[in-house]
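Let me begin by presenting the structure, written as structure tokens, before commenting on it.
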């Protein structure tokens, strides 16, 4: 079993839809959770960062962490074609320690 | 702020040659740099972690003699793929974190290596 599971998609939605992206994990020691966006042939870009359980909102993006269920989510409101990219979840057990990535979900927002 | 660059962005080389990839933090001091490789439609796999002035720590299964990592300064790390073979063809990405934000990695744009 992989430490971090993420559905690779692709996920296709119409413009304006609410998108839900998810990851599950098995290591209960993970405390730091991140979402990265990666465009084709580019490096990942940090979108959201949360520590422990709870919600965090930044513009159209909301990150949720449920440590009891070992489940994290990223919601994108009012999705735009420019949101089309691969979204990677990543997590770490220790502050500043190596990240474990999910496989990434390909998102396509159609206009 | 927090910009990481990589050079070259792509390289094509013959089998048996060595290739050096540079990773630079442009506007911050990177106390730790990470090197990843990514195969098509797959996630990033950590290869090694390097701290400035120290030897790199390699992940299990990564050949340290094949993938030489040097982190000689707080703004520069290099990855040298020695005696490259076609199976080394991949997308190599570096990331960097600073002492001030050690829990945040900023990624470079990646280097596409193709070995013929």
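The values are calculated or read from the model by the stated rules, or taken from the named source; none is laboratory data. In this text, all values refer to a predicted model and were calculated from it rather than measured experimentally. Reconstructed Cβ throughout: ideal geometry from the backbone, glycine too, with neighbour counts over all protein chains shown.
Looking only at region B:94-116, filter to residues that are in a loop (DSSP other than H, G, I, E, B) and closer than 19 Å to residue B:31 by Cβ; which one of those is farthest from the chain's Cα centre (by Cα)?
Among residues in region B:94-116 that are in a loop (DSSP other than H, G, I, E, B) and closer than 19 Å to residue B:31 by Cβ, the one farthest from the chain's Cα centre (by Cα) is B:100.
If residue B:76 passes every condition in (1) more than 9 Å from every other protein chain (Cβ to nearest Cβ); (2) within 26 Å of residue B:16 (Cβ to Cβ); (3) touching a residue at least 40 places away in the same chain (Cβ under 8 Å); (4) surrounded by 14 or more Cβ atoms within 10 Å (Cβ to Cβ) but one, which one does it miss?
Residue B:76 satisfies all of (1) more than 9 Å from every other protein chain (Cβ to nearest Cβ); (2) within 26 Å of residue B:16 (Cβ to Cβ); (3) touching a residue at least 40 places away in the same chain (Cβ under 8 Å); (4) surrounded by 14 or more Cβ atoms within 10 Å (Cβ to Cβ) except (2).
Here's the yes/no breakdown for (1) farther than 25 Å from residue B:99 by Cα; (2) more than 14 Å from chain B (Cβ to nearest Cβ); (3) at pLDDT 95 or above:
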residue	(1), (2), (3)
A:14	yes, yes, yes
A:30	no, no, no
A:33	no, no, no
A:46	no, no, no
A:50	no, no, no
A:54	yes, yes, no
A:72	yes, yes, yes
A:91	no, no, no
A:104	yes, no, no
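Out of the residues in region B:15-31 meeting the condition of being under 30 Å from residue A:2 (Cα atoms) and at pLDDT 90 or above, tell me which one is farthest from the other protein chains (Cβ to nearest Cβ).
Here the answer is B:21.
Just one of (1) away from chain A (no Cβ under 12 Å); (2) outside any loop (DSSP other than H, G, I, E, B); (3) buried (at least 19 other Cβ atoms within 10 Å of the Cβ) trips up residue B:91, so point out which.
Result: residue B:91 passes all but (1).
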